[in-house]
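What follows is a set of notes on a single structure, which appears directly below.
The values are calculated or read from the model by the stated rules, or taken from the named source; none is laboratory data. No experiment lies behind these values; they were computed from the predicted model shown. Cβ atoms come from the backbone with ideal geometry, glycine included; neighbour counts cover every protein chain shown. With ligands, DNA and RNA removed, areas are computed over all heavy atoms of the protein, side chains included. Shrake-Rupley method; radii C 1.70, N 1.55, O 1.52, S 1.80 Å.
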Amino acid sequence: MARPEIGPKIETRVPEADLATIDGDANKRRIGRAQWLRDAVQRSLPYSTLHGHDHVDSALDEADGWLGACRDVATDRDEPVSDRISRGIAYQECISQMRKHLRQALDAVPVQETRDAYAAEVDGVASGLTPRQAELWGRASGAEFAARLLDALILTLPVDGVGVRDRAELEDPLMDLGL
């Protein structure tokens, strides 16, 4: 019995490390490599100007790894209390500083000012978009998207910073506090 025809066959070369990652994830999901690749293609289509660049994912992964390592030590009853407390403080302070700086950046984005400038330029204009109006529209859109991205980053930050710091001081940081 022949395999069902899904579409034309394509071939590509993939670095060994990526192939091992693909195979590992495919096995974990209990699907074949071909199905994994078809799923990856579907998730990536249509191609987007901003997608396909892993800079944001890479930065988030790095921050998540660092925070996760701090949280793990801070809540590990087998670690010395002084190490747990230090890691709990570092965890809480890192989250606090990220939130502070992202909020400062968000507050600095001139969303309303750029909207107002665009609105004033197009007020009373019947149709068409002049180069100046297009520039102002682009500025307003850029400010709005920047604000939305910063807000989304703020929302991704953990909210358990103080809790992890406080639990690090307990004899058993994972004990049920009955809260």
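Just one of (1) in a helix (DSSP H, G or I); (2) of a type outside the set (Gly, Ala, Ser); (3) open to solvent by 100 Å² or more (accessible area, probe 1.4 Å); (4) modelled with pLDDT of 85 or more trips up GLN42, so point out which.
(4)
Only one of ALA146, ALA119, ALA140, ALA90 is free of Cβ contacts under 8 Å to residues at least 24 places away in the same chain, surrounded by 13 or more Cβ atoms within 10 Å (Cβ to Cβ), touching a helix residue (DSSP H, G or I) at 6+ places or on another chain (Cβ under 9 Å) and part of a helix (DSSP H, G or I); which? Let's see the steps before the verdict.
Details: ALA146 fails: free of Cβ contacts under 8 Å to residues at least 24 places away in the same chain; ALA119 fails: surrounded by 13 or more Cβ atoms within 10 Å (Cβ to Cβ); ALA140 fails: free of Cβ contacts under 8 Å to residues at least 24 places away in the same chain.
Matching residue, one of ALA146, ALA119, ALA140, ALA90: ALA90.
Has segment 46-65 got any residue that is small (Gly, Ala, Ser) and in contact with a Cys (Cβ under 7 Å, 6 or more places away or on another chain)?
Taking every residue of segment 46-65 in turn, none turns out to be small (Gly, Ala, Ser) and in contact with a Cys (Cβ under 7 Å, 6 or more places away or on another chain).
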